[in-house]
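Read-outs: derived from the displayed coordinates by stated rules, not from any lab. Quick caveat, the model's predicted, so the values are computed rather than measured. Note that we place each Cβ from the backbone using ideal geometry, even for glycine, and neighbour counts take in every protein chain shown.
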Amino acid sequence: MSLVKNVGTIGGLTAVSRVFGFVRDMLLARVLGAGLAADAWQLAFTLPNTFRRLFAEGAFSVAFVPMYTRRLHAEEDGGDEAADRFASDVLSVFVWVLLGFSALCMIAMPAIVWLLAREYQDVPGKFELSVMLSRVTFPYLALVSLVAMLSGVLNARSKFAPGAVVPVLLNIVMIGGILTGWYLRGDSADDLPVAWALAISLALAGVAQLIYMWWATRRAGVKLQIKMPKITPDVKRLMMLMLPATFGAGIYQISQLVDTFFATSLPQGSLTLLKLADRLNQMPLGIFGIALGTAILPMLARHIQSDNHREAQRLQGNAVEIALLLCLPCAVALSICAEAFTAGIFQGGRMAPEDTAIMGNIVIALVCGLPAYVLVKVFQPAFFSREDTRTPVFVAAGALAINIALNFYVVPRYGIVGLAAATAITATLNVLTLYAILQIRGWFHVTGKLAGRIMRQIIATAVMGALLWWMTPALEPYWRGGAFDRIWSLAALVIAGAAVFFATAYVVGALDKDLIAQLRRKRAVPASDGPPNLSE
């Protein structure tokens, strides 16, 4: 399977999910605005999802996928049968760990909410609502963690589509929850029905996702069983790899908890504005960064295990080129058009213009770190595929310490925007340090050809930025207007920016012609026939 095809599959389906996610957040902004219930809901939504990304999609996946892949491709050790036996052993232990952890967190939820949002106690009813909603949403962690494991099994078998489809189910169910809450609220000013409907819909979405992924694994011929839990040597090794990977793979998620702590100390609505602004930042990160990280890990693990370092270097170089080709223009476009997007997408109903103006400034600060957020998904698998989970731990520890120190300085002075900027700065330091270590160890380096391609991408991005700088104020009456005017004006910005970027990129040579040829192919090209820098 080609890296380009895998990234295209994951990224395309993730893009569909992000579209539904934007519909969800547009409805959420208009129905709840940035008030008490919205802040309580955002905290209740953040807790299980942060732990999900940290443990299930972070530490667990980066440790599990290489181990499962090695057994899957070691025919002398049983191949499919040995891999499925290992996965069943892990699943049998994983289920009970998740149930126990979820139960403990639900019991201790008042303490957890107090640690992250103690200032909520100053607003009557806000702390209590946050605790109750978090208890309803937290079972989603156990459900979606099992989904992440099943997705890892299918990813190792180069079946990326089911894992990329499950977020679509989440957004569809949650849109139903928002509409249900809006209907139950009626003409009253009480936001509680909406908040409760959202919390219940998140738990139901987890059930729907798990049922779908279990069906997908069965359909793929994977035979998993839940049996009496037993700590086998392989399960023990997985746990030992997960411990440091929990921190190393989860710096972004840990930073999210730190940001949540600081955001809850700011005026009411700050947490909601931060989370909604991050949705714009997460659009390219989710499509490109997660897609690259998901696709590259099993492919890179196979190259490392076969001692094919040349192909590993080519794969990582190709991933860096694709990452920057896609995220550089997104970062510049989002920073220039930040207010247009926040006002055009979220403003209306209970979301006031002054709220979207603050949100726009948050977006500008966040996207300064967008290249780093994406590249870390490319660089970390170089360590994880070699079962080196220790090095990212020390790098992440330093970055997190700097992030906390910066927050103590900038949050009192610059508020929520300063908090977002601190996250971008420390993410950049994190990825630069990882690259320096990779180069020192001889695991990856930027070649002259790759550097030249990146410089051409920067030129194309600058041309696109100049166009958007002129278009955005010219279209302001429209992206602040009615629904139809908002749609066509924002679409004009996106289409014009993309057209100018890719046209300029083609002219200056920022696009690899082999890459274009690979994208046009309907089927993956065998490694012996296709371009060597694109095929596995």
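Of note:
- When Rg and the Kirkwood Rh are both derived from Cα coordinates, the Rg/Rh ratio for region 3-446 amounts to 0.96.
- Phi-derived couplings, Karplus 6.51 cos²θ - 1.76 cosθ + 1.60 at θ = phi - 60°, listed residue by residue for region 269-282: x, 4, 4, 5, 5, 5, 5, 5, 5, 5, 4, 5, 5, 6 Hz, with x used for Gly and Pro.
- J(HN,Hα) series, region 25-32, from Karplus relation 6.51 cos²θ - 1.76 cosθ + 1.60, nearest Hz, glycine and proline x: 6, 4, 5, 4, 4, 6, 7, 9
- Over 27 Å between alpha carbons, listed pairs Lys159/Lys227; Lys159/Lys275; Lys275/Lys449; Lys230/Lys377; Lys377/Lys449; Lys236/Lys275: Lys159/Lys275; Lys275/Lys449; Lys230/Lys377; Lys236/Lys275
- Spin-label model, Tyr506/Phe484: points 7 Å from Cα along the beta carbon direction are separated by 3.3 nm.
- The C-alpha atoms of region 405-487 occupy a region whose extents along the principal axes are 56, 40, 19 Å, arranged from largest to smallest.
- Annotation: extensible slack from Ile495 through Tyr409 equals 27.0 nm (criterion: 0.36 nm per residue apart, minus Cα-Cα distance).
- Using a Förster distance of 41 Å, the FRET efficiency for Lys449-Ala220 (Cβ separation, nearest 0.05): 0.60
- Between Ala357 and Ala474, the simple label model (points 7 Å from Cα in the Cβ direction) yields a spacing of 2.5 nm.
- Electrostatic bookkeeping for Ser489 treats Lys and Arg as +1 and Asp and Glu as -1; over the other residues with beta carbon under 11 Å from its beta carbon, the sum is 0.
- Each residue of region 324-330 is assigned a 3J(HN,Hα), and the resulting list reads 6, 4, 9, 8, 4, x, 5 Hz, derived from the Karplus form 6.51 cos²θ - 1.76 cosθ + 1.60 (θ = phi - 60°), x at Gly and Pro.
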